[in-house]
Every structure is written in structure tokens, then in C-alpha cells.
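S.K.: Have a look at this one.
The values are calculated or read from the model by the stated rules, or taken from the named source; none is laboratory data. Being a predicted model, the structure only gives us computed values, none of them experimental. Virtual Cβ from ideal backbone geometry, glycine too; neighbours counted across all protein chains shown.
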Amino acid sequence: MPYQFEDLKNAFPTEWRDYIEHSFVQQLGNGSLAPEAFQHYLKQDYLFLIQFARAYALAAYKSPTLADLLQAKDGLLAILDTELGLHISYCKEWGISEQELNNLPEARATLAYTRYVLDTGNRGDLLDLHVALSPCMVGYGEIANWLNRRSETLRGEGNPYDAWIAMYESDEFQGAMQAEIHWLDERLADVTPTRFEQLSHIFRDATRLEIDFWDMGLNLSD
């Protein structure tokens, strides 16, 4: 039976659940997250996005077909033309200036995760890179959907983090998430069990690094 993206999640359900349902996410959803924790996360997420733009540039270089190249281009432009601008504006609302963002050092969790993705892409092929990127690309969309299913989640003006949820529940982001899942499903359908095991380990490690990124925000760690 052909493999699908869902099989990657099912291979490591504990890690995926710990990522999607992390305490940082739960507190963000019910509005109880400490503002300084969210600000620390926002700052590091800006640096994270810059490195992920580099990862999509690497994906363009690794692309064997025009279709793959166009998808990599869309991912790169989405970060450079849309996400980074929105992120800078959002940071300003939280009292974080663009100058401060540009002078930030990377936290160890940021370094570990982003360099893992870039190293995986450099060592492997395009599928390796997309699997390493998928916990972020797919996970944030799933987190927004999970939060919206929770009775404890507070929406609207009563939650200072409502705009964050809205960003990842948006049609634009959800569409990009589904496009990434579709791309992965098509490629995973042709892999052997041995190759799938290799890819699942990449997925597991990237998911664990996502958990560390939430820990970094929650604990204000550098």
C-alpha cells in the first residue's frame, strides 16, 4: 500500500501530539500565555523565517522538475514577500522594533532546528528537505485547527493571541498546507519501506526540534 504523509505522523504519534498539543500552544489558545514568552517566541520566529527562506531557496536548487521549482519559488516568495512583512508588523504591535529584530542573536533551539533542516537538505534530496520542513508547514495549520476544536480555546478580543490563530487558520495558509501534503503524498507513494524508514526518522527529529522551539518560547531560553 502506498505511503502517505499521514503515515509519517502515525509512525511517531507521541512526538506529534506533544508538538501539536504543547503547553505553549494550549496557553496561547486560552490566552493565558505570558506576554514575555510570546514576545520571545516572536523574536526567534523572525530569525527562523529567514533561515526557512534559505531552505526554500535550497529546495529550488534541488528541484529536478519545473513543477518542483515553481513550488519552491512559491514557498520562498511567500516568506519573503508576505510572511516576513506580516511578522515585522505583528512584532511592532508587541513592542518589538525591526531594528531589534535585526540585532537579535539566535537562540540555541532556533540554531538547532533551522540548521538541521538545511543540513538535511544539503545531504539529501528534495524529498528529504520537504519532510524536514513539513512539521512546520503542516504542523502550524494543524495546530490552528486543533485549537479551534478545543472548548478551552478563547477567540476574539479576549485573547491577545487571537491574530496568531487567525493567521494559521486562514484559507491561504490552510491551502498551502494542503498543497504541501499533496506534494508529499505523491512522492511518498513511490518510496520503498527502507526509504520510508529513513524519511520517518527525519520527520521525527524535525518534530522533536519543533517541541524544543516551543520549550524555548515557554522557558525564555537563549
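S.K.: I'd like the residue in region 40-93 that is hydroxyl-bearing (Ser, Thr, Tyr) and surrounded by fewer than 16 Cβ atoms within 10 Å (Cβ to Cβ) and, out of all such residues, is farthest from Ser134 (Cα to Cα).
M.R.: My answer is Ser89.
S.K.: Restricting to region 183-222, what's the tally of residues that are under 16 Å from Thr120 (Cβ atoms), among the charged types (D, E, K, R) and either in contact with an Asp or Glu (Cβ under 8 Å, 6 or more places away or on another chain) or outside any helix (DSSP H, G or I) (or both)?
M.R.: Here the count works out to 2.
S.K.: If you don't mind, there's one more thing I want to ask. Considering only residues that are within 12 Å of Met1 (Cβ to Cβ) and charged (D, E, K, R), which ones fall in region 183-201?
M.R.: none
S.K.: Surrounded by fewer than 18 Cβ atoms within 10 Å (Cβ to Cβ), under 20 Å from Ala55 (Cβ atoms) and charged (D, E, K, R): which single residue out of Asp171, Asp119 fits that description?
M.R.: Asp119
S.K.: Go through the residues of region 18-29 one by one and say whether even a single one is among the aromatic types (Phe, Trp, Tyr), modelled with pLDDT of 95 or more and touching a Lys or Arg at 6+ places or on another chain (Cβ under 6 Å).
M.R.: Looking for residues that are among the aromatic types (Phe, Trp, Tyr), modelled with pLDDT of 95 or more and touching a Lys or Arg at 6+ places or on another chain (Cβ under 6 Å), one finds none in region 18-29, hence no.
S.K.: Going through region 91-128 one residue at a time, which ones are touching a helix residue (DSSP H, G or I) at 6+ places or on another chain (Cβ under 7 Å) and more than 26 Å from Leu8 (Cβ to Cβ)?
M.R.: Selection gives Cys91, Trp94, Ile96, Glu98, Leu101, Leu104, Glu106, Ala107.
S.K.: Restricting attention to region 1-59, report how many residues are assigned to a loop (DSSP other than H, G, I, E, B), of a type in the set (A, V, I, L, M, F, W, C) and either touching a residue at least 60 places away in the same chain (Cβ under 8 Å) or touching a strand residue (DSSP E or B) at 6+ places or on another chain (Cβ under 9 Å) (or both).
M.R.: 2
S.K.: Right, here's the next one. Given the criterion touching a residue at least 24 places away in the same chain (Cβ under 8 Å) and over 28 Å from Thr82 (Cβ atoms), identify the matching residue among Ala144, Ala176, Ala189, Ala163.
M.R.: Step by step, each of Ala144, Ala176, Ala189, Ala163 is checked, and only Ala189 is touching a residue at least 24 places away in the same chain (Cβ under 8 Å) and over 28 Å from Thr82 (Cβ atoms).
S.K.: Could you check how many residues of region 84-133 are over 22 Å from Glu186 (Cβ atoms) and in a helix (DSSP H, G or I)?
M.R.: 28
S.K.: Right, something else. Would you be able to tell me the number of residues in region 153-168 that are buried (at least 17 other Cβ atoms within 10 Å of the Cβ) and outside any loop (DSSP other than H, G, I, E, B)?
M.R.: Final tally of qualifying residues: 4.
S.K.: Which pairs have Cβ atoms under 8 Å, sit 6 or more apart or on different chains, and link a residue in region 87-111 that is within 12 Å of Ser221 (Cβ to Cβ) to one that is among the charged types (D, E, K, R)?
M.R.: Within 8 Å, the pairs are Ala107/Asp222; Arg108/Asp222; Ala109/Asp212; Ala109/Asp215.
S.K.: If you don't mind, there's one more thing I want to ask. If you scan region 122-133, which residues turn out to be among the small types (Gly, Ala, Ser) and closer than 18 Å to Phe213 by Cβ?
M.R.: Ala132, the sole residue that qualifies.
S.K.: For region 134-152, enumerate the residues that are part of a helix (DSSP H, G or I) and either among the aliphatic types (A, V, I, L, M) or more than 13 Å from the chain's Cα centre (by Cα) (or both).
M.R.: Met137, Val138, Ile143, Ala144, Asn145, Trp146, Leu147, Asn148, Arg149 - these are the residues of region 134-152 that are part of a helix (DSSP H, G or I) and either among the aliphatic types (A, V, I, L, M) or more than 13 Å from the chain's Cα centre (by Cα) (or both).
S.K.: Let me ask something additional. Need the failing condition index for Asp81 against (1) over 22 Å from Leu199 (Cβ atoms); (2) part of a helix (DSSP H, G or I); (3) charged (D, E, K, R); (4) in contact (Cβ under 8 Å) with a residue 12 or more places away in the chain, just the number.
M.R.: (4)
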